[in-house]
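Please read the structure below before turning to the comments.
The values are calculated or read from the model by the stated rules, or taken from the named source; none is laboratory data. These figures come from a predicted structure and were not determined experimentally. Glycine also receives a Cβ, built like all others from the backbone with ideal geometry; neighbour counts cover every protein chain displayed. Protein only, heavy atoms only, side chains kept; ligands, DNA and RNA dropped before computing areas. Shrake-Rupley method; radii C 1.70, N 1.55, O 1.52, S 1.80 Å.
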Amino acid sequence: MSRFPIVRLRRLRRTPALRRAFVETRLDPARYVLPVFVKAGIDAPEPVASMPGVAQHTTASVVALAREAVDLGVGGMILFGIPAEKDAEGTTGWDPDGPVPTAARAIRDAVGEALVLWADVCQCEYTDHGHCGPLDAAGRVRNDAAVEGYVRDAIAYADAGVDLVAPSGMMDGQVGAIRDGLDGTGHDAVGIVAYAAKYASAYYGPFRDAAESTMVAGDRAGHQLDPGNRREATRELALDVDEGADVLMVKPALPYLDVLADARDRFPLPLAAYQVSGEYAMVHAAAQRGWLDGEAAMREAVLSIARAGADVVLTYAAVDLARGGA
Ligand code: PBG
Ligand code: ZN
């Protein structure tokens, strides 16, 4: 006999039943959150060219989608709005009759509490320059003025009945200010999902088509994390914990699995990861060319995000994956 007996790891991989019994991470539609776009002033859904299967919705079509999501066991939906009017301050963001509050009330009426209802909180869909808040003379987002807007947005969405608000603007102090604002208006039961580690990423391109939030000039590098920074993400996450976040988020997901794994190691809070528009579009683009099996690749990406430590995954493929039995 050899001095080095072979360790037979293949024993537990031999049959589908064995593999099923010993798999470490499993997909669960209850942990998917479907991002949706609701647009004011349209009569029918409008497809988003760079995101196959994704559309800008009317209130009626988003309600139909919510019913389908519930039927398939999808756990949640996160709302993004495209308003009829934009201005330099983004004031339509907190309009109680804007697209997000309107959709939130309609979805609640239709499906009750069967779905966890999230609202993204940022001003870039509501400003005419496409930045995440009002600008100073140099064209930089004014931190505290932006945060004031986020607080008003969050209260308007809480009034409309969402379970969770998710501030995505990466302004300093946004989580604490929103917590105070919600608590001061009787919304202490509404939770905050902090987009705590959100990177200045090229993978948001298709989203900006869908949300009509492309910047007229400039970028978001002055407030989002630099893609080269891993330790700084830990600081962002720790601050959002201190400010009262209920859930932490890392975004994008697949290119930042190291950040996600760090967050899982260091913080006991629930962790969300956002498989962003570009991650979704890449898989579809390759599948359209016949270069890979799109459904399998999407499932593997989401599984990897869960394996790295995400409890909840925001994915445009939520309904597709659930329909396919995952
Ligand atoms: C708004 C926001 C963005 C995304 C979610 N919230 C875009 C951005 O920061 O430019 C991106 C989501 C995606 O790409 O799917 N701040
Ligand atoms: Zn923004």
**Asked** What lysines sit close enough to Lys39 to cross-link, taking a C-alpha to C-alpha distance under 22 Å and skipping anything fewer than 8 places away on the same chain?
**Response** Lys86
**Prompt:** How far apart, in nm, are the 7 Å Cα→Cβ label points at Ala44 and Thr15?
**Reply:** 5.3 nm
**Prompt:** What whole number of Å gives the distance from the Cα centroid of region 97-142 to the Cα centroid of region 24-72?
**Reply:** 16 Å
**Message:** Could you compute how fast region 27-323 diffuses translationally, taking Rh as the Kirkwood radius over C-alpha pairs and applying Stokes-Einstein at 10 °C with viscosity 1.306 mPa s? Give it in µm² per second.
**Reply:** 84 µm²/s
**Fill in**
Given Cβ charges of +1 for Lys and Arg and -1 for Asp and Glu, the option among Gly218, Ile305, Ala273 whose Cα lies farthest towards the positive end of the dipole of region 173-326 is Ile305
**Fill in**
With a 1.4 angstrom probe the carbon and sulfur portion of accessible area for region 9-168, in percent, totals 51 percent
